[in-house]
Structures are given as structure tokens and as C-alpha cells.
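Colleague: The structure that follows is given in the form of C-alpha cells.
The values are calculated or read from the model by the stated rules, or taken from the named source; none is laboratory data. A quick note: this is a predicted structure, and the numbers were derived from the prediction, not measured. Ideal geometry is used to build each Cβ from the backbone, glycine not excepted, and the neighbour counts take in all protein chains shown. SASA here: full protein model, heavy atoms, side chains in, ligands and nucleic acids out. Shrake-Rupley method; radii C 1.70, N 1.55, O 1.52, S 1.80 Å.
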Amino acid sequence: MSKILIGRYQATIYPEGDGFAGAISLGFDGQGRRQRIRRRARTKAAVKAKLIQVVAERDAGLKPAEGYTVASAVRDWLAKGLKGRDQNTVTANRILAERHVLPLIGAIKLKDLTADDVDDWLDGLTEKLATRSLQGVHAILKRAIRQAQARDKVLRNVADLVTTPKGTLGRPSRAMTLDQATAMLEHAKASRLHAYVVVSLLTGIRTEEARALRWSHAVAWVDDDAEWRPVTEVGFDHERFAIYVWRSVRADGDTKTEKSRRTLELPGEAAEALREHRTRQAKERLAAGPLWRDHGLVFASQIGTPLDASHVRRSFRAITRKAGLGEDWTPRELRHSFVSIMSDNGVPIETIADLVGHASTAVTEEVYRHQLKPVITKGAETMNTIFNRDRQAKSA
């Protein structure tokens, strides 16, 4: 047995089994218990190196557990680092972690993780994940280690030292042509999603805004009062209608940005679709009886509960399939189609940016650059003209 001094702490190294073991006393904890740490390795030099690391970590204020792995850090972050976040966000992060983080690098001890390990892990995913998903899994690791740093589990965040590589090309969002949109609207009439589709296409609201829309935010212009009043009070026997896009299904219930809060007048076809939808929903409410859960939502399930995003996607794919457009369409592409149709019909980009709730035209140009005309020469008025003109041409 040999005694050595590491910093101000005395350690001993001695043979054990087919290698060596070392022990170092780090004083006493707050309850008066001796803090004695043991490490094993095949050689004396390796044991000494491990004991030196223990002292360095203590002096740096670290409290790493010997078996604390990347998986431990990620699971701790999933349990503690997502408090208050939207449940969909929590679920999405958990799925990414369980598929692409835990099984691939989860077994590595966090204190042993290197930037090269992170590089190799991400490079191995470039042929499987799109760039956005790669950014997502990389962010999970960075945030998990950042939380571990805050809890003195590790000294530095090696994941912050690595640049996220590019992944596979994701499917770009598409926009329907006017003919496709017209066919889609015709086949949507038989679906419970009809009004949802019409309002989304003809106003350009986000799917998260449509699912959060309440009847109290669907309003009619009352000439006698010269003001907008909820249709829940004044009904649909009026000429002009609008929606207050003030909410979304996000965790805080607010829209994506402050600029996203907007009031949009409804084209005639959208107002008529909402009128019919209101009647259908009243019948569903009677049929549901005590099962009905009143959330005041315009678009709800057959018992009044909020629509699930996956249900909306399935119903929308059924509509596009029947319309002969295939099933490779998503509800958010109704918004892309709105932008494209408005641009095709000469609506200025400044107006389009206001209608879709963007803070500036730069955002509109970046997000919908494929839907905007290279040279761009109002909302409800334009849509009324577009779809009425198209139907007149087809009936001629």
C-alpha cells in the first residue's frame, strides 16, 4: 500500500484483484460523516489519475455521481426541464429523446462525453433525420447538459461546442392551385371538417388558431348598433361577419406573436359555412346530451371537446383523397394555399403579411417564398371575387 498527497487530501493506492484500487478522504459532510471515495483501475497510474479527477471536480464545485450517464441527464431534463410547456411539446421531445438520444449515446457517462462523441452521434443521424429534427435532438442534449451543469453534475457543456449538421431534405410545404382548392372545397362539403377547411383556406389562419377559435370570437356587424357583436348574441341574419383571431392551442392560449392577434372579415362562403356548422353543432349537442362538454369552441368534437391535431390531419387527408389530390397534404398547407392564391391575384405582400399575422413582410417572404410571385403587382373581397369568378367560368 502506498500513500500519496493529491492537493490537500491524502490518498492510498493498493493492489486489489488483478488491478489496483485507490481511496481518498475528502473530509466530512454537513452531517459529520466521512467522505471517502474509492476508484479502481488496472494500473497505479490510472487509479491516481481517477483520484486526481475526483479532487478537481470537488474543487470545481462538482458533485458527479459515478454512474450518472447522458441518459440520466436527459431523463432528468425531461422530468424537470419542461415544466409549464405545452403537452404536445413535451411529447415531441420525449419521442425524439427515446428514439434518437437514449439508445445511441445514453450509456456514456456524462463526465466522459466529448465533443467528438456528439459529432459522431449527429453525423450518424444525417441520413435518417431532416435538418429540423437534427436541430431538435441536438437541442435536447444541449439543454439536458445545461441543466446538469446547473446542478453541478458536469463542468462544461460539450454539446454547445458542436455545430448541428444538415440532415435529409424534408418535404417542402406546398400550395394548392385555384382549381385544386375549388375541387377540395367541393368535396369537403360532406365532411364535419367542412367549415374548418373553408375558414382556414379563405382567411389564412393557422391550424392552431382555428382549433382554438371560440363562438364568442365569431362576430357579425350590426348596422343598428354600428358595431361588431358575437353571433352567439345576434345570430347569422346579417351581411358582414368577422373572426377575432386572438387565441391558439399553445400552452398559454395566446397567439404565436403579438402581431398574430388580428381581426379578419370573413368571405361570404366562409360565413355561410360557419352558419351551417353552427346548426350542425347544435344538433350534435342535443344528440350528445349529458356527454356534451361545452368549451365554447367553433371547431370541436361531437361531444364538444377540443379537436386533436391528428384527427384534423386524418379528416383532411380523406377530403383531399376524395377530391383526387392524393393524401400527401396537411392542414397547414391551407395557409400556404391562401398566400399563394392571394399573391396570384395581385394582392400586395404588405396586405398578405397583415392577413396572416406576420410582424413584417420579411417574415412572409421567408416562410412563403415559394408561394409568392417574384413580382407582386384585400382579404374577404379578394376571396369573394376569386371563387365566384371561378364558379361562373365553370358553369358557363
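Colleague: Pairs K48/K83; K83/K111; K44/K80: which are spaced more than 32 Å apart, C-alpha to C-alpha?
Modeller: K48/K83; K44/K80
Colleague: Per residue of region 216-233, what does 6.51 cos²θ - 1.76 cosθ + 1.60 with θ = phi - 60° give for ³J(HN,Hα)? Whole Hz please, x for Gly and Pro, Karplus curve as stated.
Modeller: Residue by residue, region 216-233 yields 5, 9, 9, 10, 10, 7, 9, 4, 4, 9, 6, 7, 7, 10, x, 5, 5, 9 Hz.
Colleague: Can you work out the Karplus-derived ³J(HN,Hα) for every residue in region 37-44? Use 6.51 cos²θ - 1.76 cosθ + 1.60 with θ = phi - 60°, whole Hz, and x for glycine or proline.
Modeller: 3J(HN,Hα) across region 37-44, in whole Hz: 10, 10, 9, 10, 6, 7, 10, 4.
Colleague: With the other protein chains left in place, how much accessible area per residue, in square angstrom, belongs to the chain at a 1.4 angstrom probe?
Modeller: I get 53 Å² per residue for the chain.
Colleague: Probe 1.4 Å, all protein chains in place: accessible area of T131 in Å², nearest 10?
Modeller: 40
Colleague: On the full set of protein chains, 1.4 Å probe, figure out the accessible area of I105 and give it in Å² to the nearest 10.
Modeller: The value for I105 is about 10 Å².
Colleague: Under the rule of at least 5 residues apart or a separate chain, name every residue whose amide H is placed under 5 Å from the amide H of H238.
Modeller: Correct list: empty.
Colleague: On a full-extension model of 0.36 nm per residue, what is the gain between D76 and K189, subtracting their alpha-carbon distance, rounded to one decimal in nm?
Modeller: 35.9 nm
Colleague: Taking the Cα centre as origin and putting +1 on Lys and Arg beta-carbons and -1 on Asp and Glu beta-carbons, what dipole magnitude results for region 138-187, to the nearest 20 debye?
Modeller: Approximately 500 debye in magnitude.
Colleague: Using a 1.4 Å probe on the protein heavy atoms, what percent of the accessible area of the chain belongs to carbon and sulfur?
Modeller: 48
Colleague: How large is the dipole of region 32-168 about the Cα centre if only Lys and Arg carry +1 and Asp and Glu carry -1, each at its Cβ, rounded to the nearest 20 debye?
Modeller: Working: 29 positive and 15 negative charges, 205 e Å.
Roughly 980 debye, rounded to the nearest 20.
Colleague: Whole-Hz ³J(HN,Hα) for each residue in region 269-280, computed from phi via Karplus 6.51 cos²θ - 1.76 cosθ + 1.60 with θ = phi - 60°, x for glycine and proline: what do you get?
Modeller: 5, 5, 5, 5, 5, 5, 4, 5, 5, 4, 5, 4
Colleague: Place +1 on the Cβ of every Lys and Arg and -1 on the Cβ of every Asp and Glu in the chain, take the dipole about the Cα centre, and give the residue among T131, A73, F387 whose Cα lies farthest towards its positive end.
Modeller: It is A73.
Colleague: Dipole of region 215-329, Cα-centred, from +1 at each Lys and Arg C-beta and -1 at each Asp and Glu C-beta, to the nearest 20 debye?
Modeller: 720
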